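These notes concern the structure reproduced below.
Since every read-out is calculated from the coordinates, none of them should be taken as a lab result. Please read these numbers as outputs of a predicted model, since none were measured by experiment. FYI the Cβ positions are ideal-geometry reconstructions off the backbone, even for glycines, and counts take in every protein chain you see.
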Amino acid sequence: MQKELLIFIVLVAIIAALFNFTATPKEVTSSGQLNNNDKIVYNAGETFKLTLDASQTTDSSLKSKSRLNPYSEDWDDYGTDNCPDMWEDGMGKCFDGYDQSNGTLEPSEKEAMILANASWDTAKKSDPNGDNWRDCNENRSICSGDSAWNDSMGNGSWNDGEGLDQNRQWDEGEKVYDVDNNGTYTESLLAFAWFKVEEVKNPKNGKDLRYIGLDGHTLNSDACSVRDFINNNCTNENLIVECGSSKAWKDSKGMTRIFYAPDCEDFVARNEKNDNKRIPWVLEYEGDDMGSLDINLKVLDYGSYYVNGDNKLMTRDEKFSFNCTRIKEEGPNVGTKVTYKPVANISTK
């Protein structure tokens, strides 16, 4: 009986070992592109990183000139003189008769412009006020257009002292084509909201979904339930709130309410070349999840919300699902060698 019990215990130990050590480190998922619903296998004691890039998102109604903010409001990229090159007077201003609303010059001013053109040298005719953006090297001694210039010298974005006209970023005073009626430039009319979706137990119906913010923001669940948010049935513009902050908003009855947002992590990518500026359409999620990992991206179209005038927040979403397996470290392979030799008794006499 004891022998049978010992065999049973050994079998249980072997089965448990098979469950605990099911793979080797060489079987981890290799770096590269993943497809939706792929498996992610990684070693215990490590984490994995997923980069989800939604930069291919397009919106035909947006005409932003910005590289850093491609979903922003449009503006006249003329610099602080707010004047295109052809109407600059060479003294840092526009001709007095320039009509910014339709880009024309009064007839009485045309003669003055002709005379000014005749007095400018060839180099100045293309930029009379000398305020056009030129990408420069670090000490700004060589800029684009100079004979010694090559593309590796600049960073492709505006820096202090490089000129403001056509620098592809909005500068204070430049005319904005205001969509959301806030009286100033808005960097993004599309909001990229990243969430991790988890299933939690609910004593009433057995299970429920929880949205965990991954971009430093969370859902204002007082303004919209998770279920309505999933089904894109939310209309309140105060849906997304910065984690750890409070947000005052008006409900459907016009009553002012305050939502207190919990803390959450921020995995949004940063632009290291531009003051670590956030790139909201790129998520760099790092985790040690086990089992199902579901990430949801919702793109909220605030531009249409204001332009259409129907107070309907248009939303598009994508879902990414992966199955995560953590490989536990294998135990040692014990190798024991037994040797034998007889030992003679040593006489004490």
What's the long-distance tail for region 208-252, i.e. % of Cα pairs beyond 18 Å? 23 percent
At R0 = 35 Å, FRET efficiency that the Cβ-Cβ distance of Trp149 and Lys175 yields, to 0.05: 0.70
Can you give the FRET efficiency to the nearest 0.05 for Asn182 and Lys328, using r as the Cβ-Cβ distance and R₀ = 56 Å? 0.55
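Starting from the Cα-Cα distance between Asn139 and Asp294, subtract it from 0.36 nm times their residue separation and give me the gain in nm to one decimal.
Numbers: separation 155, 0.36 × 155 = 55.80 nm, distance 4.72 nm.
Result for the pair: 51.1 nm of gain on full extension.
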Ranking of Lys253, Lys207, Lys175 by count of other Cβ atoms within 10 Å, fewest first: Lys253, Lys207, Lys175
May I ask you to sort Phe320, Phe259 by Cβ crowding, counting other Cβ atoms within 10 Å and putting the fewest first? Phe259, Phe320
Dipole magnitude (debye, nearest 20) for region 174-304, charges at Cβ of Lys, Arg, Asp, Glu: 540 debye
Going by how many other Cβ atoms sit within 10 Å of their own, how do Ile212, Ile346, Ile295 line up, fewest first? Ile346, Ile212, Ile295
Quick one, what does Rg over Rh come out to for region 255-349 if you take C-alpha atoms and the Kirkwood Rh? 1.51
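Subtracting the Cα-Cα distance from 0.36 nm times the residue separation, let me have the gained length for Asn232 to Tyr260 in nm, one decimal. Present the calculation step by step, with values, prior to reporting the outcome.
Values: separation 28, 0.36 × 28 = 10.08 nm, distance 2.24 nm.
Result: 7.8 nm gained on full extension.
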